[in-house]
Amino acid sequence: MNSEPAPDTQNQTAFIVEDDPSICEALCDLIDSAGMSTQHYSSAEAFLDAWTPDMAGCLVLDVRLPGMSGIELQGILTEAGLSFPIIMMTAHGDVPMVRKAMKAGAVEFLTKPFQDDELLQALEQAFSRDRALRTAKTLENSILGRVGTLTPRERQVMELVTTGITNKEIADSLDLSLVTVKLYRGQVMGKMQANSLADLVKMSERIKAP
Amino acid sequence: MGVDPDRISNWLVAFVVRPFAIAVFFVFLALLWTFPLQHVIAYPFVFLFFGAIMCSAWFGGYTAGSMAVVLSSIVVTFFFVPPFYSMSIAREFRSYVAAFALCAMAIAMVSSSRRHSETAVKVARDQLEIRVQERTAELQRSNHEIAERERQLRLLTEAIPQQIWQADAGGRVQYCNGNLVEYMGINPNELRGDVLFTFLHPEDAAPFFQSWEEARRVNGKFEVQARVRGVNDAYRWFLIRSNPQFAESGEVLCWYGVYIDVEDQRRAQQELLVAQDDLARLSRTLSMAEMAASIAHELNQPLTALVADAHACRRWLNVEPANMERAVASSERIVRESTRASEVVSRIRSLFSKSAYVREATDINHLIEDLARLLRDEALRHEVSIKLRLSRDVPFIMVDPVQIRQVILNLATNGMEAMEKTVGIRELEISSEILRAREVVVTVRDHGVGLAEQTMSKMFNPFFSTKLEGTGMGLAICRSIIEAHDGRIWADASDCGAAFHFSLGVNT
């Protein structure tokens, strides 16, 4: 597993979506002073237009936006499977909105106006969550890539092996000889770069998990 | 002209055969009796034949009587006048026979005419009898019809789902229908006279009798709403109506009246009023809340930027070495945002100040009267009566009528709400007067809970309220309106309530 390419932790950005240019400017400056990079958008639509798959970091999102609201943008991102951590900025008393966003999985809520520590801590937290998500995603992708190199028969054998049954039972259920099963099994371990059966089972669990 | 043989034979039977047979029968009978009797009585033939003629005329009519006269004369002449058994008459008997014949004819005539008139009388009597019977039957029929109609009418008055009563010209109740009796739960006979009206609620009795007497004085209709006690001692609201019934001469015969149960209607109306009131209150607080939210948002935006900028500025200064360039940029934004925030504040202030300066010549009394009319329903709901005491000397003054109206409305509403728990007099008095020919003073006086010392000092301040759901803006707005008119507003309290006054200069 040491051969996994590490996700790019240095290139995380705070994507600010806020319609008030003064707030935008102030937030960019504040985050910049903490040594983090920022990008800002004046609406949810503008952010979606600019979005690319290699964007890493988190969203700093205003609940009230012209056009698409912050909550709606969160919904769209969740549906598309883009697990961006989100920091919501709300006005005081937007309790129903907060509840809605919380259910949809926002990381943190900041009630305007907020202190620098609140924002910077929330960003740290969001970045580490983003890193974890990205690492998991990269690992998953490499396992899926290795599974892609297996032949259909090898994939069958791998599925049965990871359920924990013996070679004899596999041979019976696939109507193959014991020797053939052992041969396939060796090939699967090699192609999947698994050091042990436990390793293989872990990989299989990972790609099965939702 | 052909003659019907049947008619001829009928005529023959009626005018020849039948009279002749009757005459022959009676004359023969007389003859038979004469023979034995002539040995006992001298000349028995005289009365016997007279009898036969009488009977013939009686039973056979004039024709039969005449025939009997002729036959009797022949028979008498033949048998009983000498010379016997011949038709010749001895000289000395000629006058006798003539007298006999004449008497016989007279008898026949008398008898037949008597018979005739008797028959006529009988026919007339029979006809009379028939007429009497017909009239009797007719009378019975119409009697029956009248009884049936009366029964139907009675059924109708009993079946109508309304309480009906009837009073004589003097106003004494004579009839109450079943519904009314049932509602009050007493014997119908006991409701006569003035008893019916003793079931009115004590508070409603006076207005009722006033309009009832007024209606009787002018002989006009009347209509009053009053509470009436039912069998279970509970009161329900009724609409009591009565119309006079006039005789042809123009005087009142009697009064017909109804009691219409309007309890449910009144309750629905009250509920509607309450609902309207709640709705108005809700929308008022809602708009306040909305306004507060939008003000908060307006101010929050520059404040958010400000706080972030200030933090950034501090951070640029805190790094080693301090990044002065970025710190200056941040502090410049701080200045900019502070200015923006203060602009928001002054914009809000201008929103609340009066948009247009209106002053028009206004009749304060007219304004109060108008308002009192508008407040009638509200007063009804609070069970408060509104009394106006307006000085006729109050001149027109230059004010914004809409705003002044708002002030009086606010004070009146407060006054009514203050009397929520008042037991005694529930009266709101609105008065106007002119002071030293310079000031018009309007006073709104209630009999409510009065004012506490600490309330007095603070009640005109914004956000001060003694009410659970009050916004605390009412009196503050009143004061700002009156002060904008260069007037004064003040209050004083006594044991029996509070009075709010405001004065407006005559020249303003």
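The values are calculated or read from the model by the stated rules, or taken from the named source; none is laboratory data. The structure displayed is predicted, hence computed values, not measured ones. Reconstructed Cβ throughout: ideal geometry from the backbone, glycine too, with neighbour counts over all protein chains shown.
Go through (1) touching a strand residue (DSSP E or B) at 6+ places or on another chain (Cβ under 7 Å); (2) surrounded by fewer than 14 Cβ atoms within 10 Å (Cβ to Cβ); (3) modelled with pLDDT of 85 or more one by one and return the number of the condition B:ILE146 breaks. (1) is the only condition that B:ILE146 fails. Scanning segment B:247-277 for residues that are without any contact (Cβ under 8 Å) to a residue 24 or more places away in the chain and touching a strand residue (DSSP E or B) at 6+ places or on another chain (Cβ under 7 Å) yields one hit, B:ALA247. Note on segment A:64-92: residues that are of a type in the set (Ser, Thr, Tyr) and in a helix (DSSP H, G or I) total 1.
You will find that of A:SER142, A:SER128, the residue that is away from chain B (no Cβ under 14 Å), among the polar types (S, T, N, Q) and touching a residue at least 24 places away in the same chain (Cβ under 8 Å) is A:SER142 and no other.
Scanning segment A:163-187 for residues that are crowded, with 18+ Cβ neighbours inside 10 Å and either basic (Lys, Arg) or touching a residue at least 40 places away in the same chain (Cβ under 8 Å) (or both) yields a single hit, A:ARG185. In segment A:38-47, is there at least one residue being over 27 Å from A:PRO96 (Cβ atoms), in the same structural domain as A:MET97 (by TED's automatic domain parsing) and aromatic (Phe, Trp, Tyr)? Looking for residues that are over 27 Å from A:PRO96 (Cβ atoms), in the same structural domain as A:MET97 (by TED's automatic domain parsing) and aromatic (Phe, Trp, Tyr), one finds none in segment A:38-47, hence no. Being of a type in the set (A, V, I, L, M, F, W, C), crowded, with 18+ Cβ neighbours inside 10 Å and over 22 Å from A:ASP20 (Cα atoms) is the requirement here; does A:ALA126 meet it? Yes, satisfied. Please go through segment B:303-321 and pick out each residue that is within 7 Å of chain A (Cβ to nearest Cβ) and of a type outside the set (A, V, I, L, M, F, W, C). Matches in segment B:303-321: B:THR304, B:ASP309, B:HIS311, B:ARG315. The residue that is modelled with the lowest pLDDT, counting only those in segment A:42-92 that are within 14 Å of another protein chain (Cβ to nearest Cβ) and loosely packed, with under 15 Cβ neighbours inside 10 Å, is A:HIS92. Restricting attention to segment A:143-152, the residues that are assigned to a helix (DSSP H, G or I) and surrounded by 15 or more Cβ atoms within 10 Å (Cβ to Cβ) add up to 3. Given B:SER95, B:SER56, which one is assigned by TED's automatic domain parsing to the domain that holds B:SER113, in a helix (DSSP H, G or I) and over 28 Å from B:GLU118 (Cβ atoms)? Within the list B:SER95, B:SER56, the selection yields B:SER95. Restricting attention to segment A:23-36, the residues that are of a type outside the set (A, V, I, L, M, F, W, C) and touching an Asp or Glu at 6+ places or on another chain (Cβ under 6 Å) add up to 0. Tell me yes or no: at least one residue of segment B:322-332 is surrounded by 16 or more Cβ atoms within 10 Å (Cβ to Cβ) and either away from every other protein chain (no Cβ under 14 Å) or of a type in the set (Phe, Trp, Tyr) (or both). No: zero hits. Go through the residues of segment A:102-118 one by one and say whether even a single one is surrounded by fewer than 13 Cβ atoms within 10 Å (Cβ to Cβ), away from chain B (no Cβ under 14 Å), assigned to a helix (DSSP H, G or I) and at pLDDT 85 or above. No; the residues of segment A:102-118 include none that is surrounded by fewer than 13 Cβ atoms within 10 Å (Cβ to Cβ), away from chain B (no Cβ under 14 Å), assigned to a helix (DSSP H, G or I) and at pLDDT 85 or above. The set of residues in segment A:38-59 being of a type in the set (Gly, Ala, Ser) and in a helix (DSSP H, G or I) consists of A:ALA44, A:ALA46, A:ALA50. Scanning segment B:184-207 for residues that are touching a Phe, Trp or Tyr at 6+ places or on another chain (Cβ under 8 Å), buried (at least 19 other Cβ atoms within 10 Å of the Cβ) and either modelled with pLDDT of 80 or more or farther than 15 Å from B:VAL258 by Cα (or both) yields B:MET184, B:PHE197, B:LEU200. Answer yes or no as to whether B:LEU272 is modelled with pLDDT of 70 or more, more than 30 Å from B:GLY178 (Cβ to Cβ) and not assigned by TED's automatic domain parsing to the domain that holds B:THR339. It is true that B:LEU272 is modelled with pLDDT of 70 or more, more than 30 Å from B:GLY178 (Cβ to Cβ) and not assigned by TED's automatic domain parsing to the domain that holds B:THR339.
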